[in-house]
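See below for the structure under consideration.
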Amino acid sequence: FALRSYYRKTYRAFTQIARPGTRFIFSDAFSPRLMNGVVRSLKDFPVVMDVHLYHMTTLGAKYKSIEWCFTKTIQRKRLLERLGRTQPIMIGEWSGVLRGDVLRHVAKEDIPRLESEYMKLQLSVYEAVDVWCYWNYKTEQPGLWNFRSLVENGDIVTSHQG
């Protein structure tokens, strides 16, 4: 409860110094249901909750199947829609990377297709939020950690592309 109190106190101070229209973004602290609506927006200072959905990197995820991963991703859309009724939602980071342990029973030649399906699935789920950020914009090499190369190769199509 200390973090919730801190966010409210910080928001009150923020509204005293920020320009109207400036968004106040706060972390869900990996507990989106608990943090949902913890800070209520004032008219001129919208509040956005930053949600990070790490279903592939949790301790138990390494024992799950690729099917579980895809199902879990689909189920997250309902959660995001519910959260979005209270305040705008931001997915602070996501990627198309699938955890190596989950891929242990997948044929090597199927991995690129599954990664592509996983990215497309996440993009369809994240239509339920106001904004998302891919982790990472650019790296030294093209690939799943390089959003720019994924867009340039047509692996990810954004609404701002032709």
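The value of relative contact order for the chain, using C-alpha pairs under 8 Å at least six residues apart, is 19 percent. Charge tally around His52: other residues with Cβ under 12 Å, Lys/Arg +1 each, Asp/Glu -1 each, net -2. Using the Cβ of Lys72 as centre and a radius below 13 Å, the other residues enclosed give a net charge of +4, where K and R count +1 and D and E count -1. To the nearest Å, what is the center-to-center distance of the range 1-70 and the range 94-108, using C-alpha atoms only? Each part reduced to its Cα centre gives a spacing of 27 Å. Which residue fluctuates most in the GNM of the chain (Cα springs below 10 Å): Lys108, Lys138, Lys120? So, out of Lys108, Lys138, Lys120, the one fluctuating most is Lys108.
Summing Cβ point charges (Lys, Arg +1; Asp, Glu -1) relative to the Cα centre of the chain gives a dipole of roughly 900 debye. Largest GNM mean-square fluctuation among Leu34, Leu98, Leu123, using the chain with Cα springs under 10 Å: Leu34. Counting only protein heavy atoms and using a 1.4 Å probe, the accessible area of Trp145 comes to about 120 Å². Since only Leu144, Val125, Leu80 are under comparison, the one whose Cα sits farthest along the positive direction of the charge dipole of the chain, derived from C-beta charges on Lys, Arg, Asp and Glu, is Leu80. Under a model in which nothing but the beta-carbon of Lys, Arg (+1) and Asp, Glu (-1) is charged, the range 80-162 shows a dipole of about 140 debye around its Cα centre. Three principal axis extents describe the C-alpha atoms of the chain; from largest down they are 56, 38, 27 Å. P(r) for the range 79-134, from all Cα pairs and a bin width of 5 Å, is 4, 17, 24, 18, 14, 11, 7, 3, 1 %, short bins first.
Once backbone amide H atoms are built at 1.01 Å from N, Phe45 has Gly21 as its partners under 5 Å, excluding neighbours fewer than 5 places away on the same chain. Couplings 3J(HN,Hα) of the range 86-92, computed from phi: 8, 7, x, 10, 10, 8, x Hz, in residue order, whole Hz [Karplus 6.51 cos²θ - 1.76 cosθ + 1.60, θ = phi - 60°; x for Gly and Pro]. GNM on the chain, alpha-carbon springs under 10 angstrom: the most fluctuating residue among Leu121, Leu42, Leu79 is Leu42. A simple count of charges around Tyr126, restricted to other residues whose Cβ falls under 12 Å of its Cβ and scoring Lys, Arg +1 and Asp, Glu -1, yields -1.
The values are calculated or read from the model by the stated rules, or taken from the named source; none is laboratory data. The model shown is predicted, which means the values in this text are computed figures rather than measured ones. A quick note on method: Cβ atoms are made from the backbone with ideal geometry, for glycine too, and the neighbour counts reach across all protein chains shown. We work out accessible area using only protein heavy atoms, side chains counted, and drop any ligands, DNA or RNA first. Shrake-Rupley method; radii C 1.70, N 1.55, O 1.52, S 1.80 Å.
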